[in-house]
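Nothing in this text is a laboratory measurement; each read-out follows from the coordinates by a stated rule. Predicted model, so just to flag it, every value in this text is computed and none were measured. Note that each Cβ is placed from the backbone with ideal geometry, even for glycine, and that neighbours are counted across all protein chains shown.
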Amino acid sequence: MNKILGVKIDAINKEDFKKNIIKFIAEKKFHQIATVNPEFLVDAQKNTEFKNVLNNTTLNIIDGFGLQLAYYLKYKIFPDRLPGVDMVEEIFSLCQNNNYSVFLLGSTELSLKLAKAEIKKKYPQLKIFTLAGGSINKIAANWQQTDDIITTINLNQPDILLVGFGHPKQEIWIYDHKHKLKTVKVAIGVGGTFDYLSKQVKRAPLLYRQFGLEWLYRLYQQPWRWRRIIKAVFIFLYLFITKHEKTNS
């Protein structure tokens with residue numbers, strides 16, 4: 001098992017990802033997937049609950065150039081990365097082609113409404129359900145949330161659940177509720193992906209994405225994110241340089 005900063009990382013390509021989704025659904029048991037970027041690994045150094053969840057998922061796929069580069073420097077293999085928006089597009093295509101259903105949980109009602117409209121333009125036969133996240137918090141060991149979230153998910157009987165609460169809340173929420181999700185075979189935390197799908201937030205141009213500079217475009221577009229950018233770029237780099245030889249590979 002290969003790890004970066006003590007967190008397992010699965011270096012798989014897009015085709016293997018799609019094959020795994022099909023396999024997981026056929027197995028009819030629960031699988032959690034995390035889309036891991038450098039910010040995840042920085043936060044996991046202090047948040048032991050988050051780190052434990054990440055090390056108990058079925059897959060941790062690479063989302064972020066910094067993690068892609070770190071993996072290469074440590075293991076001499078340059079892995080593919082599958083950004084959250086691209087991954088979700090692959091899931092929608094798979095679901096439409098294989099008659100799977102997908103449930104979007106999180107964000108706001110407006111964002112989900114706009115996202116669903118855009119998704120249905122591209123995937124008109126897709127079976128898709130949505131529910132805004134509302135106010136969900138974990139206090140001590142107890143989740144504070146409305147009772148209808150799990151009920152609504154189970155009533156719609158989705159195969160795949162995409163949760164957009166932002167990390168680490170979404171990963172921990174999935175992990176803590178997996179035994180209550182009766183029909184879900186694959187659950188994935190997708191961060192702010194719904195906002196991109198709704199076109200409320202503009203994605204970085206292709207050139208930026210190809211050179212791993214999405215963070216620079218985000219900083220230009222959303223300057224208030226500067227603390228998160230520093231964490232994902234500079235703090236991650238510092239931790240990787242100073243700690244990666246001490247972590248278990």
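In table form, for the structure just shown:
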quantity: Calculated Rg and Dmax of the range 27-105 using C-alpha coordinates, Å; calculated: 14.5, 41
quantity: Most positive-pole-ward Cα, L41, L131, Q96, against dipole of the chain from beta carbon charges; calculated: L41
quantity: Total charge dipole magnitude, the chain, about the Cα centre, Cβ charges on Lys, Arg, Asp, Glu only, Debye to nearest 20; calculated: 200 debye
quantity: Paired Rg and Dmax values of the range 1-148, which use every Cα atom, in angstrom; calculated: 16.9, 48
quantity: Cβ crowding within 10 Å averaged over residues, with 135-143, 88-96 ranked highest first; calculated: 88-96, 135-143
quantity: Gap separating the Cα centres of the range 92-151 and the range 153-213, nearest whole Å; calculated: 8 Å
quantity: Cα-Cα pairs of the chain separated by more than 26 Å (percent); calculated: 38 percent
quantity: Most mobile of L54, L67, L239 in a GNM of the chain (Cα contacts under 10 Å); calculated: L239
quantity: Highest average packing first - 178-184, 159-165, 6-12, 99-105, Cβ atoms within 10 Å; calculated: 159-165, 99-105, 6-12, 178-184
quantity: Stretch gain in nm, segment D176-W143, where the contour uses 0.36 nm per residue and the Cα spacing is subtracted; calculated: 11.0 nm
